[in-house]
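The values are calculated or read from the model by the stated rules, or taken from the named source; none is laboratory data. Predicted, not measured: the structure shown is a model, and the values here were computed from it. Note: ideal-geometry Cβ built from the backbone for every residue, glycine included; neighbour counts use all protein chains shown. Surface areas here come from the heavy atoms of the whole protein model, side chains and all, with no ligands, DNA or RNA. Shrake-Rupley method; radii C 1.70, N 1.55, O 1.52, S 1.80 Å.
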Amino acid sequence: MKPLSSFFPPLSLFLSLFFLTFHGSTGQNLIENTCKTCSKDDPNIKYDFCTSSLQAAPASECASLRGLGMISIRLIRYNLTDTRCHVKKLLKEKNLDPYVKRCLKDCLELYSDAIPTIKLAMKSYNAKKYYDANIQISSVMDAPTTCEDGFKEKEGVVSPLTKRNDITFQLSAVALSVMNLVKNNG
Ligand SMILES: *[C@@H]1O[C@H](CO)[C@@H](O)[C@H](O)[C@H]1NC(C)=O
């Protein structure tokens, strides 16, 4: 029979990792641990996308878990604003296929509506109204999906927004997942 003590190192390692993750560590370590947990919890979240997005954000190195939540919501906001601007520019192009033009107009509306919603989500998150923030971010998450689906409905049409839609979708998944951790960790 194995000595009982051999069971303890893994357990204590696990416990200390857990406490280190959510109760003290900041910066690189916190981002990596948070993204590890998020990508395990949600198959939509890719670990590399999560870490590179959060690491590239200003001040993320010094952020707490709660701070990372806000950083991820802010990233969505920047991306929404940037994509909205990009769609406007695409719509100005001459000789646009009428079907593509219609899709782009729908996307412009979806992204335009998502911007005030993400601002509300920031307010909700700041006020620790996680239930409201969850609904708001989930609704923002529909914008890239609905936008992308429009292009898919006609054969032969290529969406010029696939990459941007994917980024907005993934950032929203990250924000929802981080927020879930924040909610459960104080
Ligand atoms: C949108 O998010 C991606 C992924 O995190 C990031 O690389 C990009 O810089 C963001 N765009 C803006 C305008 O913030």
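Structure above, values below:
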quantity	calculated
Close pairs (9 angstrom Cβ cut-off, 6 or more residues apart or separate chains): under 11 Å from L75 (Cβ atoms) and free of Cβ contacts under 8 Å to residues at least 12 places away in the same chain in region 50-61, within 8 Å of the ligand (Cβ to nearest atom) and among the aliphatic types (A, V, I, L, M) anywhere	A56/L75
K36 vs. criteria among the basic types (K, R) and without any contact (Cβ under 8 Å) to a residue 40 or more places away in the chain	yes
Matching residues in region 160-181 - criterion: being open to solvent by 10 Å² or more (accessible area, probe 1.4 Å), assigned to a helix (DSSP H, G or I) and over 14 Å from F49 (Cα atoms)	T162, L176, N180, L181
Residue pairs meeting the criteria (Cβ under 9 Å; at least 6 apart or on separate chains; first without any contact (Cβ under 8 Å) to a residue 12 or more places away in the chain, in region 105-133; second assigned to a loop (DSSP other than H, G, I, E, B) and open to solvent by 50 Å² or more (accessible area, probe 1.4 Å))	K123/K129
Filter pass, V87 being buried (at least 19 other Cβ atoms within 10 Å of the Cβ), within 19 Å of K163 (Cα to Cα), among the hydrophobic types (A, V, I, L, M, F, W, C) and within 16 Å of the ligand (Cβ to nearest atom)	yes
The lone exception for A114 - which of (1) under 17 Å from the mean Cα position of the chain (by Cα); (2) away from the ligand (no atom under 16 Å from the Cβ) it fails	(2)
